[in-house]
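**Student:** This structure is in structure tokens; I'll ask about it shortly.
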Amino acid sequence: MEVKAFYWKGHVLQLLDQRELPNKEIWLSLKDYGEVAQAIRDMAVRGAPAIGCVAAYGFVLGVKAGENPEKVYETLKNTRPTAYNLFWALDRMKKAFEEGKDIEAEAKAIEEEDYKANKSMGEIGQALIPVGARVLTHCNTGALATAGWGTALGVIRSAHYAGKNIFVWVDETRPYLQGSRLTAWELLKEGIPHKLITDSTAGFLMKKGLVDCILVGADRITKDYHVANKIGTYALSVLAKAHGIPFYVVAPKSTFDPYTTGDGIVIEERSEKEIKFIRGIPIAPEDSPALHIAFDITPPENITAIITEEGIIKL
Ligand code: MRU
């Protein structure tokens, strides 16, 4: 059984609460658009393509309940600022509504297209992965972050099933721990060989020649090919360049923002509590302030290529 982050059930959106993984598998039943907005804001669901899909279903819930479509659109749009897929999906839903289309069918199409794009990126991307490669990945870009299969983790999945005999280094990805809680959980379920590392271990592994390539996802790719992704991605790209290691970004076209350049990306800042506490347990002095920047920006000169469902963009 493939991992799924959400299921549309007609009048309810079922969502796997990613805050509880890997300890508990709790499914939330979201019945109105406000609950969907809250789930995105609180990161019960996360990952750019998954946020887009879920927001589209949130739009359906709101509009079908007779709410003002503009208000529904704005509320869902204002949940998280960086992932372009969120705005792309909501703009598409709003347009479908204005054109009198079946909005439920439109949301389903967004989900289906994302799954297909992931499978396609998996096939295209796995061809770049050498047999026996030790791949390093950051954050979670798998089935949990998308409509299924995944972007960077989708390429890893496809390489594994193509018999490439790969091994994965999983950055734990502080502070939300998408790597240790989510990516490791997905890899373990499918028996893909991997080992968890702290984020600060990556550079030394590269120096020791233990990393053959790096695969990451993206939250937004601007028209000048700057890539916003989980905090820590930029540092990895600098290290990859210093050690001559290929650095690949894997993302569908719905992540490409045709209007913005690298310096125009809004980077989300989240609560310092997410750094100073883990599951309610303090891990820092209460009075020390903390800075929680959730994403960074990697410039095109640090990227070997971007893998999309339509092909490879060499940079
Ligand atoms: O804060 P998150 O967990 O939503 O951040 C997710 C990422 O940074 C992913 O790398 C990105 O969304 C691509 S997911 C296919």
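Every number here is computed from the coordinates shown, using simple stated rules; none is lab data. Nothing here was measured: the structure is a model prediction, and the numbers come from that model. Glycine gets a Cβ as well: all are built from the backbone with ideal geometry, and neighbour counts include every protein chain shown.
**Student:** Restricting the stretch 165-194 to residues that are more than 20 Å from Arg279 (Cα to Cα) and touching a Ser or Thr at 6+ places or on another chain (Cβ under 9 Å), which is nearest to the ligand (Cβ to nearest atom)?
**Tutor:** In this case the residue turns out to be Val170.
**Student:** Right, another one. Name the single residue that is farthest from the ligand (Cβ to nearest atom) among those in the stretch 121-131 being touching a residue at least 60 places away in the same chain (Cβ under 8 Å) and out of contact with any Pro (no Cβ under 9 Å at 6 or more places or on another chain).
**Tutor:** Here the residue is Pro130.
**Student:** Counting just the residues of the stretch 264-277 that are touching a residue at least 12 places away in the same chain (Cβ under 8 Å) and not in a loop (DSSP other than H, G, I, E, B), which one comes out farthest from Lys116 (Cα to Cα)?
**Tutor:** By that ranking, first place goes to Lys276.
**Student:** Let me ask something else about it. What's the number of the condition Ala202 fails, among (1) in contact with a strand residue (DSSP E or B) (Cβ under 9 Å, 6 or more places away or on another chain); (2) not in a helix (DSSP H, G or I)?
**Tutor:** Looking at each condition in turn, Ala202 falls short on (2).
**Student:** Sticking with this structure for a sec: May I ask you to say which residue of Arg41, Arg46 is among the basic types (Lys, Arg) and crowded, with 22+ Cβ neighbours inside 10 Å?
**Tutor:** Arg46
**Student:** From the list Tyr84, Tyr57, Tyr7, pick out the single residue that is away from the ligand (no atom under 16 Å from the Cβ) and touching a residue at least 12 places away in the same chain (Cβ under 8 Å).
**Tutor:** It is Tyr57.
**Student:** Could I ask something else about it? Going by the conditions given, is Ala284 touching a residue at least 12 places away in the same chain (Cβ under 8 Å) and either in a loop (DSSP other than H, G, I, E, B) or away from the ligand (no atom under 14 Å from the Cβ) (or both)?
**Tutor:** Judged against the criteria, Ala284 is not a match.
**Student:** Sticking with this structure for a sec: Sort out which residues of the stretch 132-149 are under 29 Å from Lys208 (Cα atoms) and within 12 Å of the ligand (Cβ to nearest atom), and write them in order of number.
**Tutor:** Result: Thr137, His138, Cys139, Asn140, Thr141, Gly142.
**Student:** Asn140 versus (1) assigned to a loop (DSSP other than H, G, I, E, B); (2) of a type outside the set (Lys, Arg); (3) over 23 Å from Ala89 (Cα atoms): which is the lone unmet condition?
**Tutor:** Exception for Asn140: condition (3).
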